[in-house]
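Some notes on the structure that comes next.
The values are calculated or read from the model by the stated rules, or taken from the named source; none is laboratory data. None of these values were measured; they are calculated from a predicted model. Methodologically, a virtual Cβ is constructed for each residue, glycine included, from the backbone with ideal geometry; neighbour enumeration extends over all protein chains shown. Surface areas here come from the heavy atoms of the whole protein model, side chains and all, with no ligands, DNA or RNA. Shrake-Rupley method; radii C 1.70, N 1.55, O 1.52, S 1.80 Å.
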Amino acid sequence: MKIFAALLLTTCVATPVFAAGTDGILAANKTAMGDWEGKTTLKIVYAYSGQGLTGTSSSLEDLQRGAFVDAYDIPPQAGSTGWDGTKAWEKEPSGTVTDQAGGDVIPLAITEAYQDRNLWWQPDHGGAEIVSAGQKTDGGNSYDVLTVTPKDGKPLEAWFDPKTHLLYRTIELNSIQTLTTTYSDYAPVDGAMVAKKLVIDDGSGNLQTLTLTRAKFSEALPISAYQKPVENLHDFSIAGGAHEATVPFHLWNNHVYADVSVNGSKPMTFILDTGGHSILTPETAKTLGVGAKGNVTSGGAGDQLATSGVSTVKSFTLGAATLTDQPITVGEFSTPGVEGVNEAGMIGYEFFSRFVTRFDYGKHTVTFIDKRYFDPKSAGTPVPMRLYHQFPEILGTYNGIPGRFGIDTGSRMALLLNKTWAEKNDIRASVDHGVEATMGWGVGGPSRGFVFKGGTLKLGDVTIAHPLTMISTDKGGAGAAEAFPNNVGGGILKRYAVTFDYDHATMYLKPVKGPVEVLDTFDRSGMWINTVPEGIKVFDITAGGPAEAAGLRKGDIIVGIDGKIATGMNLPELREKLR
């Protein structure tokens, strides 16, 4: 420690006095950071500890072209993300490798590459907009703070220590989480100062610590070192070598539910969610003897963050289709009593992407098709899609206004407009009639919005006229985060047979035959209800609605309906009656 302290002291003594202001702060930082001139490639490896897990994390950075690969191996999961200067990609824990163009993936990659290259040292700041945010304090110390917005990137708040002139902290909005990264224990590597310790706070108090184990500068690598790796998967099959497997599903609360066997278990009820991943509830994991590690932060609909563990299973089986040796999450993805369904878990992207997957809402079936035998001619109208991590995202329009629209079989709603997008485009100003109400319930708790008869939605060449529409009024979560797209849920999707061809980034929509039941209706009782052991609990009341007029209040327990005891009533059927 004495030697390290002396190194820092020597650096500080040698640092000249700089002019105040943005350029002065950055010039001082450049000097304090040592010799980065002419360096081309940096490989840096950390020991990882956090969220109840340990492992390794690494970054390979091209300091001239702005490409990078970030990788992690934190058992029982591993994966990587990359940016080659033009395209982003991701290898998620189950092994799929995808191009990434949705949400905030590319802006985040641009900002990361900007910071890797220290472009703020350039006379034009590398094309970024940089403004002073004054001084802020932490732990009794004051820091000079700059807000840095690279061209086409995401804003980054950068804190600099006015004594050492080294970067102390960055704050960045990543998806729905604000990530605060604190840098410390700087030491020279080949003449350049590198932080030996990084602490990341995702806002939950669930800290993650990265401790430097190795850092090395080297010659430039070919750009192929940063491009999407080849996918090599052999963990899926259809029994008997059949070309496809069809499974019946239940449509409850506009959600898709099917029977799933885990590790050869008896069939259990799982929700099938294109916006989700492979999840077991804690009760299911306990029953199956699946142990979980860690306490990982997650989020979704609703304002709150949740935590969950990670594990693996030997197999998931739906009908004749099977996926083997899979990483999973163990956690609650909805509050007990919300759906009125005994949900044992969730099947998501990992399963669907192994096949061409079709949700036929008319026949109430999901079909897994061997990719080699898929014929798109009869699948319906093709709609180009892209991925936001593993969430399908469509570029479309609402009332002629361009927007991004996520395709979510796990959403009960019809069309949910993102709060930030709706405010930016002043959507509500053109709406004559509507109501504020609880409209859903997700991993982050209840979700509220303004509900009305909508305008015209276009997804590629497909037009949906006047769907039931909600504008999120949540303060946090997916409904409020600018990175998240507007959400197209089961209330719209049930008009179609929906086919997902992930390999060719295409969704197909084919209208179902005959009338669609319970289309574009909202719960007109004016209350949100969940089941509890005592009966049906009123969790929310809509001002001026029938429930309020009838004398019901938030927190009431309904013990009987139409002369029948409420305990044990089928909640999805009751909600349909209340529509």
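Remarks
- Going through (1) touching a Phe, Trp or Tyr at 6+ places or on another chain (Cβ under 9 Å); (2) under 30 Å from residue 242 (Cα atoms) one by one, residue 438 falls short only on (2).
- Selection count, the stretch 428-441, where residues are open to solvent by 10 Å² or more (accessible area, probe 1.4 Å) and under 22 Å from residue 410 (Cα atoms): 2
- Any hit, the stretch 118-141, residues being open to solvent by less than 30 Å² (accessible area, probe 1.4 Å), without any contact (Cβ under 8 Å) to a residue 24 or more places away in the chain and in a strand (DSSP E or B): no
- Of the residues 503, 474, the single one that is crowded, with 22+ Cβ neighbours inside 10 Å, within 26 Å of residue 107 (Cα to Cα) and touching a residue at least 40 places away in the same chain (Cβ under 8 Å) is 474.
- Taking the stretch 473-574 and the strands (runs of 3 or more DSSP E) fully enclosed by it, the elements with 1 or more residues that are acidic (Asp, Glu) are at 496-501, 535-541.
- Residues of the stretch 22-48 that turn out to be of a type in the set (Lys, Arg) and in contact with a strand residue (DSSP E or B) (Cβ under 9 Å, 6 or more places away or on another chain), as a count: 2
- Subset of the stretch 528-553 [free of Cβ contacts under 8 Å to residues at least 60 places away in the same chain, open to solvent by 30 Å² or more (accessible area, probe 1.4 Å) and in contact with an Asp or Glu (Cβ under 8 Å, 6 or more places away or on another chain)]: 541
- Hits in the stretch 451-467 (condition: open to solvent by 20 Å² or more (accessible area, probe 1.4 Å) and within 25 Å of the chain's Cα centre (by Cα)): 458, 460
- Inter-residue pairs, beta-carbon under 8 Å, first outside any strand (DSSP E or B) and in the stretch 187-202, second among the aromatic types (Phe, Trp, Tyr), 6+ apart: 190/217
- The residues of the stretch 319-340 that are β-branched (Val, Ile, Thr), surrounded by fewer than 19 Cβ atoms within 10 Å (Cβ to Cβ) and modelled with pLDDT under 95 amount to a single one, 335.
- The strands (runs of 3 or more DSSP E) located wholly in the stretch 359-422 that include 3 or more residues which are surrounded by 15 or more Cβ atoms within 10 Å (Cβ to Cβ), aliphatic (A, V, I, L, M) and in contact (Cβ under 8 Å) with a residue 40 or more places away in the chain occupy 415-417.
- Residues of the stretch 278-292 that turn out to be surrounded by fewer than 17 Cβ atoms within 10 Å (Cβ to Cβ) and closer than 11 Å to residue 331 by Cα, as a count: 2
- When residue 275 is tested against (1) closer than 22 Å to residue 91 by Cα; (2) at pLDDT below 95; (3) open to solvent by 70 Å² or more (accessible area, probe 1.4 Å); (4) not aliphatic (A, V, I, L, M), just one condition goes unmet, and that condition is (3).
- Any chance residue 95 is open to solvent by less than 30 Å² (accessible area, probe 1.4 Å), at positive phi and either in contact with a helix residue (DSSP H, G or I) (Cβ under 8 Å, 6 or more places away or on another chain) or touching a residue at least 40 places away in the same chain (Cβ under 8 Å) (or both): yes
- Residue match in the stretch 232-249 (condition: within 30 Å of residue 44 (Cα to Cα) and open to solvent by 40 Å² or more (accessible area, probe 1.4 Å)): yes
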